[in-house]
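A short write-up of the structure that comes next.
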Amino acid sequence: MSLFANVRAVLFDLDGTLIDSAPDLGAAADRLRTDRGLESLPLRAYRPMAGAGARGMLSVAFGITPEHPDFPHLREEFFANYERCIHERTDVFAGVPELVATLMQHSLQWGVVTNKISRFTLLIAQRVALFGGAGVIVSGDSTPYSKPHPAPLLAAAERLGVEPRECIYVGDDERDIQAGRAAGMGTIAAMYGYLGTGGHPAGWGADAMIYSPLELLKFMESD
């Protein structure tokens, strides 16, 4: 498969693709429940929706959507909880440091495009050494639109000085693949991530699927 033919940059989603933040996101949401005298939920309840941020965590914790009148208040409380515990249990997925090092050895730029707001993305980038080598980090509030709109991916390509067609985007949510396709990039579904609760990833239309970060390298070897 010639996914890496003429590729100059690889862009990644953050949560569920580069880092496993579900334990801290779930803990922040579950704290809302226990503070209100509700029973704690297990991490396995929160994990599939961790990639959807506050929207996903509050849907699990309380079964509400952003249209609910209590959502704005609960979201701010969730944000405060998350900011306090953002690095307690979060870790880089196994294989990611080696993957990034290999990309850089092959003179490929890499970066992050996430729907996570910069308030939290910057905290992670400052405290996790891996992100010091990122050529670009685009957060959910860096552009007027967030994924599945292609604007964040197009902004990342522009900042790296490459054409969208010279990029591959890797993510664990259908919105990632939709955004990548709309931007004209090659797309890879990270099957080891959170995946949400939508249809099976085989129906997302990604160019390829990987089941561990280092599997990405097999596409480089085949070119």
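Lys116 satisfies every condition listed in (1) outside any helix (DSSP H, G or I); (2) out of contact with any strand residue (DSSP E or B) (no Cβ under 9 Å at 6 or more places or on another chain); (3) modelled with pLDDT of 95 or more except (2). With respect to Thr114, is the statement that it is touching an Asp or Glu at 6+ places or on another chain (Cβ under 9 Å), closer than 18 Å to Met185 by Cβ, assigned by TED's automatic domain parsing to the domain that holds Ala182 and among the polar types (S, T, N, Q) true? Spelling it out, Thr114 is indeed touching an Asp or Glu at 6+ places or on another chain (Cβ under 9 Å), closer than 18 Å to Met185 by Cβ, assigned by TED's automatic domain parsing to the domain that holds Ala182 and among the polar types (S, T, N, Q). Between Val100, Val112, Val96, the distinction of being among the β-branched types (Val, Ile, Thr), surrounded by 16 or more Cβ atoms within 10 Å (Cβ to Cβ) and closer than 24 Å to Ala54 by Cβ belongs to Val112 only. For the range 17-35, the criterion of a residue being within 21 Å of Ala208 (Cα to Cα) and either polar (S, T, N, Q) or in a loop (DSSP other than H, G, I, E, B) (or both) is satisfied by at least one position.
Anything in the range 155-177 that is in contact with a helix residue (DSSP H, G or I) (Cβ under 7 Å, 6 or more places away or on another chain) and under 16 Å from Phe12 (Cβ atoms)? List them, or say none. It would help to see each step written out before you state the result.
Taking the range 155-177 first, the residues in contact with a helix residue (DSSP H, G or I) (Cβ under 7 Å, 6 or more places away or on another chain) are 157, 163-164, 167, 169-173.
Passing the criteria: Ala157, Pro164, Cys167, Tyr169, Val170, Gly171, Asp172, Asp173.
Scanning the range 19-46 for residues that are of a type outside the set (S, T, N, Q) and under 24 Å from Gly111 (Cα atoms), we see that the one that is surrounded by the fewest Cβ atoms within 10 Å (Cβ to Cβ) is Pro23. Residue count for the range 23-37 satisfying the condition of being in contact (Cβ under 8 Å) with a residue 12 or more places away in the chain and either over 22 Å from Ala52 (Cα atoms) or in contact with an Asp or Glu (Cβ under 9 Å, 6 or more places away or on another chain) (or both): 8. When the range 2-16 is filtered for residues that are touching a Ser or Thr at 6+ places or on another chain (Cβ under 6 Å) and not in a loop (DSSP other than H, G, I, E, B), only Asp15 remains.
The values are calculated or read from the model by the stated rules, or taken from the named source; none is laboratory data. Remember, it's a predicted structure, so these values are computed and weren't measured experimentally. No Cβ is skipped: glycine too gets one built from the backbone with ideal geometry, and neighbour counts run over all protein chains shown.
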